[in-house]
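Structure first, then comments.
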Amino acid sequence: MNFDRKHLSDHELISIYRHLLLPRKIEEKMLLLLRQGKISKWFSAWGQEAISVAAVLALEEEEFILPMHRNLGVFTARELPLAQLFAQFQGKKEGFTKGRDRSFHFGSIPHHIVGMISHLGPQLAIADGIALANKLSQKKQVTLAFSGDGASSEGDFHEALNIAAVWQLPVIFVIEHNGYGLSTPSTEQYHNPSFQDKAKAYGIDSVVLDGNNILEMLLGLRAVAEDIREHARPFLVEAITYRMRGHEEASGTDYIPGEYLEEGRKKDPILNFENFLLSTGILSQDEKDKIGLEIKSQVDQAWQIADAYPQRIANVADELEDIYKPLTISTSSQSNSPGKAKNMRMVDAISESLAQSMEKWPQLILMGQDIADYGGVFKVTKGFVETYGKDRVRNTPLCESAVIGTALGLSIQGYKAMVEMQFADFVSCGFNQIVNNLAKLHYRWGQHADVVIRLPTGAGVGAGPFHSQSTEAWFFHIPGLKIIYPSTPAEAKGLLAAAIEDPNPCLFFEHKALYRSLQGMVPTELIPIPIGKGNLVRTGSELTIITYGMGVHWAMEALDQAGIEADLIDLRTLLPWDKDMVSDSIKKTNKAIVLHEDSLTGGIGAEIAAWISENCFEQLDAPVMREASIDSPVPFATALEGAYLPIDRFKKKLLALRDY
């Protein structure tokens, strides 16, 4: 293997060697501890250390790196405390995730590292978001994200490259091409083996580097980084390397041809660089032995510290406390009086809330399909481009997953992000980013996700199965999310203001049929309505109705027609929902019915009804009832859609409950 040192001094070369040797020595230790049962799993970077170390040494300290399984060298070269890292491997409280996640599934903002999740592809879009933040802030910084050649088959890979290309983001995508995705060879992953061809298809510059040659990797990456700091654009780096052990240790290497492993051993990045330093006199044998002993001692001492930490003890209160980042409403958001108000449609109230939030939060970025010049399909952002510019009001490609990941990357850099789904139905294409990245981030390693996703939802407009679904229950089961669903223009404005202020991920549902059909008095000020608090729309002693969104209006109509005096609770927030208000009402009325537009089976009403039965049983004079749409997709024809919705069935059940 040839090493071209160029301008690097002897001191720099020896420093590179130290950085290269440390992750290998850690791995030697961890493989021993794995056999002893001291750690439970290990993903080997043996033979790929040069790529990780080169990435760190090629970038500035404040530039973000997004590593994967086989990038131990990123964490060591960024000098994370080894004892804390080893505690992470053991699942101890002193680790980076307090025992809540394993191996490298964490980040450290002080070290400018954002770790992966097991789904492999989503971190690439987060890199897009970090790079976008740098571009908006006019920082001449790059972001570097890793992917394996197997993970390049993920849709997230293609979405992230496309966004980076369209927006010309200063991000480096490093593909560690070791020829395998677990046991599946690359020949069974894709037909075209050239990542340069893939990059060219997106209009992205690329280069192929020897991933086992530390100097070629370092100098190559450094040149790319220097270039795109000055000329912002994405760059794909294909690092050719070898995976010398199993995908993880339990999988072994029986499926890997012997000639592949033999070739990898010949190209071992540490042994070859070590021989180069020895043969050129840059490093003596005594110095080599001394460095090896020093690093081994460093690793052993860090392990002793980590091993002495106590085993993790569970505390349910602590676990629940870390689901959300605490929220303190800013003083400027509070008002002691309602102030002035004006009559507005719901769509206009949402638009005004967004506009006033854009003024209040200069770091707020809006993203979505067609939201810029066109103003969105519902015209919520009409005219925003003229006021706030295309940097802050951004049309996106048709790639929901990458857009949500980009929003998360913006949040990591201190921005706020709002993503408009054209229709709530389309959020399925971004499901993974929401439930596995946004929702779990604060619980896993304390990083908040300051992202709001607006979702035009609901039936009654003849839009059929793919533009009318109620999708809120899809997310109701996911801790870490907040789900908001206003029923009036005033609530839409106030709750959206609160969602944008909240540092936690908020899903904000807006019923399409209410956009222009419903008007009401709306405060002219931007006054957040507390998330998690219901609204008692009507009071009465005969029974309690718990509902939200369009259900509030169906319930009011039914009550008026039946002449029933009831407590009508508008939940407003579905996650978390106002259990105290529900409980207090049932203590008074002794009867309860839950109404929602979503299909009955598995709907939010099932959880609320179960909770009432378990916690308010002694106050009940009748079974807890539910009414909802039938268990079918949302049909298109007016007559079919009318039969699907629960309006008439609810009126009958309401009378039955009253008379029980």
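The values are calculated or read from the model by the stated rules, or taken from the named source; none is laboratory data. This is a predicted model, so every value here is computed, not measured. Here Cβ is always computed from backbone atoms with ideal geometry, including for glycine, and neighbour counts include all displayed protein chains. Please note that ligands, DNA and RNA were not included when accessible areas were found on the heavy atoms of the full protein model with its side chains. Shrake-Rupley method; radii C 1.70, N 1.55, O 1.52, S 1.80 Å.
Report the full-extension gain for the segment LYS41 to LYS382: residue separation times 0.36 nm, less the Cα-Cα distance, to one decimal in nm.
On the way: separation 341, 0.36 × 341 = 122.76 nm, distance 5.21 nm.
In short, 117.5 nm is gained.
What is the helix-to-structure angle for 269-279, meaning the angle in degrees between its Cα long axis and the longest Cα principal axis of the chain, kept from 0 to 90 and rounded to the nearest 10? In the chain, helix 269-279 runs at an angle near 30 degrees to the longest axis. Share of the stretch 399-482's accessible area from carbon and sulfur, percent, 1.4 Å? C and S atoms contribute 61 percent here. In summary, the lysines within cross-link reach of LYS340, defined as a Cα separation below 30 angstrom excluding same-chain residues under 8 places away, comprise LYS360, LYS379, LYS382, LYS416, LYS482, LYS493, LYS512, LYS533.
If the segment from VAL461 to GLU226 were pulled out straight at 0.36 nm per residue, it would be longer than the present Cα-Cα gap by 79.3 nm.
Across all directions, the average projected area of the convex hull around the alpha carbons of the stretch 522-651 is 9.1 nm².
With each label modelled as a point 7 angstrom along the Cα→C-beta vector, the ASN343-ASN615 pair spans 4.0 nm. Taking a ≥ b ≥ c as the square roots of the eigenvalues of the Cα gyration tensor, the stretch 518-594 is oblate, since a/c reaches 1.5 or more and a/b is not larger than b/c.
Net charge in the neighbourhood of GLY155 (other residues with Cβ under 15 Å of its Cβ; Lys, Arg +1, Asp, Glu -1) is -4. Note on the chain: Kirkwood hydrodynamic radius from all Cα pairs is 27.1 Å, rounded to one decimal.
For the stretch 482-491, putting each phi into the Karplus relation 6.51 cos²θ - 1.76 cosθ + 1.60 with θ = phi - 60° gives couplings of 10, 10, 10, 8, x, 10, 9, x, 5, 5 Hz, in residue order, rounded to whole numbers and with x for Gly and Pro. Apply the Debye scattering formula to the stretch 8-89, with a single equal point scatterer on each alpha-carbon and no solvent, then give log10 I(q)/I(0) at q = 0.23 Å⁻¹. Results for the stretch 8-89 at q = 0.23 Å⁻¹ read -1.16. Using heavy atoms of the protein chains and a probe of 1.4 Å, the accessible area assigned to TRP361 is about 60 Å².
Given H placed 1.01 Å from N in the peptide plane, which residues other than close sequence neighbours of ILE483 have an amide H under 5 Å from its amide H? Distant-sequence amide H within range of ILE483: LEU507, LEU574, LEU575. Separation of the stretch 252-330 and the stretch 503-536, taken as the distance between their Cα centroids, equals 50 angstrom.
Taking every DSSP beta bridge that has both ends in the chain, the antiparallel portion is near 20%. Here the 3J(HN,Hα) profile of the stretch 542-554, calculated from phi with Karplus coefficients 6.51, -1.76 and 1.60 at θ = phi - 60°, is 7, 6, 10, 10, 10, 7, 6, x, 4, x, 4, 6, 4 Hz, Gly and Pro shown as x. For GLU188 and GLN285, what does the FRET efficiency come to when R0 = 51 Å and r is the distance between their Cβ atoms, rounded to the nearest 0.05? Efficiency computed from Cβ-Cβ geometry: 0.70.
With a 1.4 Å probe and every protein chain left in place, work out the accessible area per residue of the chain in Å², rounded to a whole number.
Values: 25630 Å² over 660 residues.
Counting only protein heavy atoms, the per-residue value for the chain is 39 Å².
A cut-off of 5 Å between modelled amide H atoms, ignoring neighbours fewer than 5 places along the same chain, links ARG394 with LEU366, MET367, GLY368. The trypsin sites (Lys or Arg not before Pro) found in the stretch 1-77 that occupy coil by DSSP, while having at most 10 further C-beta atoms within 10 Å, are LYS6. Projecting label points 7 angstrom from Cα along Cα→Cβ for LEU271 and GLN298 puts them 2.3 nm apart. Percent of Cα pairs in the stretch 256-392 per distance bin of 10 Å, from zero to the largest separation: 8, 16, 14, 11, 13, 20, 12, 4, 0.
Carbon-plus-sulfur accessible fraction, the stretch 70-114 (probe radius 1.4 Å, protein heavy atoms only): 47%. FRET efficiency for the ASP560 to ASP391 pair, using the beta carbon distance and R₀ = 35 Å, is estimated at 0.10. Distance from the alpha carbon centroid of the stretch 12-82 to that of the stretch 581-660 works out to 55 angstrom. Other residues with beta-carbon under 14 Å from the beta-carbon of LEU283 carry, at +1 per Lys or Arg and -1 per Asp or Glu, a net charge of -3. The Cα-based radius of gyration and maximum Cα-Cα distance (Dmax) for the stretch 311-444 are 17.6, 60 Å. Positive-end ranking of ALA164, PRO530, ALA45 along the dipole of the chain, with charges on Cβ about the Cα centre, is headed by PRO530.
Enter the angle in degrees (range 0 to 90, nearest 10) between the Cα long axis of helix 214-230 and the first principal axis of the Cα atoms of the chain, meaning the one along which they spread out most. Roughly 50 degrees between the two axes. For the stretch 274-299, the residues whose backbone nitrogen is under 16 Å from a point 7 Å from the Cα of LEU8, taken along Cα to Cβ, are 274-284. Residue by residue, the stretch 43-51 carries 3J(HN,Hα) couplings of 9, 7, 10, 4, x, 10, 4, 4, 5 Hz when phi is fed to the Karplus relation 6.51 cos²θ - 1.76 cosθ + 1.60 (θ = phi - 60°); x denotes Gly or Pro.
Helical runs assigned H by DSSP (4 residues or longer) give the chain a calculated mean residue ellipticity at 222 nm of -12000 deg cm²/dmol, each run adding -39500 (n - 2.57) before division by the residue total. At full extension, ASP373 and ASP254 could sit 37.2 nm farther apart than now, given 0.36 nm per residue minus the alpha carbon distance.
In this structure PHE426 has an accessible area near 50 Å², from a 1.4 Å probe over the protein heavy atoms. Listed by chain and number, the aspartates and glutamates whose C-alpha is less than 15 Å from the C-alpha of LYS591, apart from same-chain residues fewer than 8 away, are GLU542, GLU565, ASP567, GLU614, GLU618, ASP621, GLU627, ASP659.
Label-to-label distance for HIS119 and ALA639 is 4.2 nm, based on points extended 7 Å past Cα in the beta-carbon direction.
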